[in-house]
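The values are calculated or read from the model by the stated rules, or taken from the named source; none is laboratory data. Only a predicted model underlies this, so the values are computations on that prediction, with no experimental measurement involved. A quick note on method: Cβ atoms are made from the backbone with ideal geometry, for glycine too, and the neighbour counts reach across all protein chains shown.
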């Protein structure tokens, strides 16, 4: 006869088998430890003193053992912070891109956030000698496992209370190749219940179709530039779900802040999304709606564009919206060696940087003035900036700064355009293949100016005689 005792034994055996099966099939990040920790003063932000811990995070992943340099920046008095930590994988070439270029230390620490970064690979050959990952050892393919173990250690390692205090929320972000380990975790069992909020930026997605992450991966906000749509299959990352949003910035390049490329930057959008994501993760409010570039099946690159060649749809920053210039997301004519890369790595041109064509003195297609006066330009600019603020894609502080720059510019002033050039036919894509285009325009304007000057001199001489 089958008794309850036999049934109990059978259940125990079944549970043991199930546990063993799960342990063999479900990947797990082996615990790592913080070693060789050194602490120095970092700075004071809004009256709060911060310290920086550096050292080596040591553990074992699928590819073997690793030793990953790390840094942690938190208030000296942990109670003076908000106990929300932003984790960033160091970029192999640009180190802390999100902290230093997209957000800024002042932005983070004046708001009470903490910060932690860890290496997941050796630096690229083009990286500076001061790159913090020079002493990294391990397999770069283990990046997701290293990041997962590092994030869990911030909560559970015996040294964690001394390093960061108690962690209430753990956020993550990374740009380009540094977003790779983070993005991988969002679709892996390793990423479940790991981060409360993830903001991968410029994800180099080269696969095919893309599924939305599991709700257990936490809240996810993907930020892409137009260049990422053109070069990295970024359109596959579009979507909206209970825990997922996607945002695309019209005209923006993959890499921002490079002189003589384009002034357009996705950084202000990143700052707004970070604050919105923090409110989302702390259940204060919902983030902005997903917004993507407009499609055009008849266009060469599949993106709909306005009369100036700028992408339609997505987040259009003020100068894009008002037609201040043509913002080229990808400029393939720039030599890779100029930026420390190998031409062998980019035989068709380096797709990381953008370009800009100044249109402030170019009439519209119908021949009318682009900006009849300076006040009109500033008014249009400010209206778009405030619209983005109301939608949650721009912070008021950034909008105010942009508007101040617009007021200080010469756009629309009588002296801005000594010579008016006829409008030119612009290519239909966000790419530019010839760097000579800028040089040709500069030479043309110079020759016209010289001709006008000579004519004026002759007129003055004729009047005097």
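Some points to look at:
- Among the residues listed as 113, 107, 101, 150, the single one being surrounded by fewer than 20 Cβ atoms within 10 Å (Cβ to Cβ) and within 19 Å of residue 197 (Cβ to Cβ): 107
- The stretch 172-185, subset in contact with a helix residue (DSSP H, G or I) (Cβ under 7 Å, 6 or more places away or on another chain) and surrounded by 24 or more Cβ atoms within 10 Å (Cβ to Cβ), residue nearest to residue 58 (Cα to Cα): 181
- Residues that are assigned to a helix (DSSP H, G or I) and in the same structural domain as residue 72 (by TED's automatic domain parsing) do not occur anywhere in the stretch 194-211.
- Residue list for the stretch 221-232, restricted to those being outside any loop (DSSP other than H, G, I, E, B) and surrounded by fewer than 24 Cβ atoms within 10 Å (Cβ to Cβ): 230, 231
- Residue that is surrounded by 23 or more Cβ atoms within 10 Å (Cβ to Cβ) and either in contact with a strand residue (DSSP E or B) (Cβ under 9 Å, 6 or more places away or on another chain) or not in a strand (DSSP E or B) (or both), where the choices are 126, 121: 121
- The listed residues are 272, 235, and the only one of them that is surrounded by fewer than 20 Cβ atoms within 10 Å (Cβ to Cβ), assigned to a helix (DSSP H, G or I) and in contact (Cβ under 8 Å) with a residue 24 or more places away in the chain turns out to be 235.
- Within the stretch 161-179, tally of residues that are in contact (Cβ under 8 Å) with a residue 40 or more places away in the chain and either over 20 Å from residue 281 (Cβ atoms) or in a strand (DSSP E or B) (or both): 11
- Filtering the stretch 343-372 to residues that are touching a residue at least 60 places away in the same chain (Cβ under 8 Å) and either within 23 Å of the chain's Cα centre (by Cα) or crowded, with 16+ Cβ neighbours inside 10 Å (or both) leaves 349, 351, 352, 353, 354, 355, 356, 357, 361, 362.
- The stretch 60-103: number of residues that are over 20 Å from residue 136 (Cα atoms) and assigned to a loop (DSSP other than H, G, I, E, B): 5
- Listing of helices (runs of 4 or more DSSP H) fully contained in the stretch 312-417 that carry 1 or more residues being farther than 28 Å from residue 277 by Cα: 374-391, 396-408
Here is a yes/no grid of residues against (1) part of a loop (DSSP other than H, G, I, E, B); (2) within 17 Å of residue 184 (Cβ to Cβ); (3) at pLDDT below 95; (4) not assigned by TED's automatic domain parsing to the domain that holds residue 391:
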{"residue": "213", "(1), (2), (3), (4)": "yes, yes, yes, no"}
{"residue": "239", "(1), (2), (3), (4)": "yes, no, yes, no"}
{"residue": "248", "(1), (2), (3), (4)": "no, no, no, no"}
{"residue": "256", "(1), (2), (3), (4)": "yes, no, yes, no"}
{"residue": "260", "(1), (2), (3), (4)": "yes, no, yes, no"}
{"residue": "278", "(1), (2), (3), (4)": "no, no, no, no"}
